[in-house]
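The values are calculated or read from the model by the stated rules, or taken from the named source; none is laboratory data. Nothing here was measured: the structure is a model prediction, and the numbers come from that model. Backbone-built Cβ (ideal geometry, glycine too); neighbour counts: all protein chains shown. We work out accessible area using only protein heavy atoms, side chains counted, and drop any ligands, DNA or RNA first. Shrake-Rupley method; radii C 1.70, N 1.55, O 1.52, S 1.80 Å.
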Amino acid sequence: MAELRERKWPGALNGMDAVMAAGGEAGRFMSEVDWARTPVGPVSTWPESLRTAVSICMASRFPMVVWWGPELVFIFNEAYRPLLGAKEARSIQGGAGEDVWPEIWTVIGPMLRGVMAGGESTWSEDQMLLLGRHGYFEECYFTFSFSAIRDESGGIGGVFTVALETTPRVVNERHLTTLSEVAEATAQPTVADAAGRRPAAR
């Protein structure tokens, strides 16, 4: 059995190399991480569940994140990179989730911990988050889900996040609603208008 495991690792490592190489800038940042210094350890020690989750994440054209282990180590794909704004993506890859998004951790931290503890997925639609991704706080909106990743023990090893920023749509709809309300209010005749029209109608 030990020999079989030894024979398995080279292929697994080559597979992860291919995943990183195909992952764009996010994959390159991932390949530059000294994983031995992170809570997840060297790639050669990663469980199959983590390698599979990362493979799915990095190959996706949709913004995705894998949060792994008790420390919720943050691994993001290329499609997610624009959501980080001006945050230094290279230093963020493989970092602790709480250090990546400290400004919203009081919101998403409990949600992530809840999934890790109970395995129940979450869904948030047009969730408002105050992000500091450009050096100042901005009102942003996201639709996202948190889903449990089962590990080899049957427990929960991490969390998948699929996210879509909806800020432009939400803000545009708000503007249209405001304009509609203003137009409706100005179109209704006032008491003075009605009084002025009565004599003219005689």
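Here are the numbers for the structure shown:
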read-out	value
Residue within the stretch 5-14 that is open to solvent by less than 30 Å² (accessible area, probe 1.4 Å), of a type outside the set (S, T, N, Q) and either in a helix (DSSP H, G or I) or modelled with pLDDT of 90 or more (or both) present	yes
Lone unmet requirement of (1) more than 19 Å from the chain's Cα centre (by Cα); (2) open to solvent by less than 20 Å² (accessible area, probe 1.4 Å); (3) not hydrophobic (A, V, I, L, M, F, W, C) for THR38	(2)
Test set (1) under 28 Å from VAL107 (Cα atoms); (2) modelled with pLDDT under 95; (3) of a type in the set (A, V, I, L, M, F, W, C) - ALA187 fails condition number	(1)
Unmet requirement for GLU125, which otherwise passes all of (1) in a loop (DSSP other than H, G, I, E, B); (2) acidic (Asp, Glu); (3) exposed (fewer than 13 other Cβ atoms within 10 Å of the Cβ)	(1)
Hey, GLU165 modelled with pLDDT of 60 or more and closer than 30 Å to ASN77 by Cβ or not	yes
Lone unmet requirement of (1) at positive phi; (2) modelled with pLDDT of 95 or more for GLY135	(2)
Breaking point among (1) β-branched (Val, Ile, Thr); (2) in contact (Cβ under 8 Å) with a residue 40 or more places away in the chain; (3) in contact with a Leu (Cβ under 7 Å, 6 or more places away or on another chain), for ILE104	(2)
